[in-house]
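The values are calculated or read from the model by the stated rules, or taken from the named source; none is laboratory data. This structure is a prediction, so every number in the text was calculated from the model and none was measured. Neighbour counts are summed over all protein chains in view; Cβ atoms, including those assigned to glycine, are modelled from backbone coordinates with ideal geometry.
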Amino acid sequence: MGSEFLLYVWNYNYSSWSMRAGLALRQAGTPFGEVSVQAEGADTAALKAVSPNGRFPVLKHGSELIWDSLAIGEYLHEQFPNAGLWPSSSAARAHARSMVAEMHSSFDNLRSALPMNIAKRYPGFLKTVAVRREIARVSDLWSTCLQRFGGDGPFLFGSFGLADAFYAPVVMRFVTYDVQLAPTLAGYVQAIQNQPFVKDWIARTEGEPRTAPHYDYER
């Protein structure tokens, strides 16, 4: 197997799944290439043929293709076990995996009503009861984790890891749609925004040529 890593992402501004995989790959600390499929214009159809299920993100490592952001995160952990993607202690690692799995499989109301749109801001955005309930669940997850495992660091398990990568798109949503949080959680949101890998990802949204009108609310 070759040593080259190439990540195909769908869109920097809108694709939360791509962001998770992109942050995980940056945390792995290995050289890599990255292709924004939508930015390739007429080549989009050909690039979609790269993906086993026609969706993104997809990580190419030599002859291997790994699709789905969680599978990519686990694969990178196996390749780079000392990169800090998962916490070192078994208790913290079990908690982190549970949080990531819940993010991977849940929060349908939050996803649909507050789609990720890093470039936009909607002050005072109205949230439905169902969305507020899921915001409360995320807040509870963050609070519990920070109190139990955060220690002296600003992230969920002290240092930045896969759990933070998976919740970073939620942070982007909370910023975009003006979600009000307790001071401790507001501090976590700020820490995520200031994290170098996240800042790099946000900077790349400025070069995205395509927009998705169904993700842009007119106010």
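Just a few scattered comments:
- M19 being assigned by TED's automatic domain parsing to the domain that holds G161 and modelled with pLDDT of 95 or more: no
- Verdict on A130 being modelled with pLDDT of 95 or more, more than 24 Å from Y12 (Cα to Cα) and surrounded by 19 or more Cβ atoms within 10 Å (Cβ to Cβ): no
- The residue list I192, I202 contains one member that is assigned to a helix (DSSP H, G or I) and within 24 Å of G151 (Cα to Cα), which is I192.
- Scanning segment 93-123 for residues that are more than 19 Å from V138 (Cβ to Cβ) and touching a residue at least 60 places away in the same chain (Cβ under 8 Å) yields A119, K120.
Residue by residue, here is whether (1) touching an Asp or Glu at 6+ places or on another chain (Cβ under 8 Å); (2) polar (S, T, N, Q); (3) part of a loop (DSSP other than H, G, I, E, B) holds:
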| site | (1), (2), (3) |
| --- | --- |
| Y122 | yes, no, yes |
| K127 | no, no, yes |
| A136 | no, no, no |
| C145 | no, no, no |
| G158 | yes, no, no |
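- Residue ID - surrounded by the fewest Cβ atoms within 10 Å (Cβ to Cβ), chosen from residues in segment 170-183 that are within 12 Å of the chain's Cα centre (by Cα) and within 16 Å of R137 (Cβ to Cβ): R173
- The set of residues from segment 105-146 being among the basic types (K, R) and farther than 22 Å from S18 by Cα comprises K127, R132, R133, R137.
- Test: residue in segment 76-96 that is of a type in the set (D, E), in contact with a Phe, Trp or Tyr (Cβ under 8 Å, 6 or more places away or on another chain) and in a helix (DSSP H, G or I): no
- When restricted to residues that are buried (at least 20 other Cβ atoms within 10 Å of the Cβ) and within 14 Å of T30 (Cα to Cα), segment 78-97 contains 1.
- Those residues of segment 45-73 which are in a helix (DSSP H, G or I) and touching a Lys or Arg at 6+ places or on another chain (Cβ under 9 Å), in sequence order: K48, S69, L70, I72, G73
To keep it simple, each residue is scored yes or no on (1) surrounded by fewer than 22 Cβ atoms within 10 Å (Cβ to Cβ); (2) under 26 Å from A212 (Cβ atoms).
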position: H61; (1), (2): yes, no
position: L70; (1), (2): yes, yes
position: L114; (1), (2): no, yes
position: E134; (1), (2): yes, yes
position: F160; (1), (2): no, no
position: A168; (1), (2): no, yes
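- Lone unmet requirement of (1) out of contact with any Pro (no Cβ under 9 Å at 6 or more places or on another chain); (2) at pLDDT 95 or above for A119: (2)
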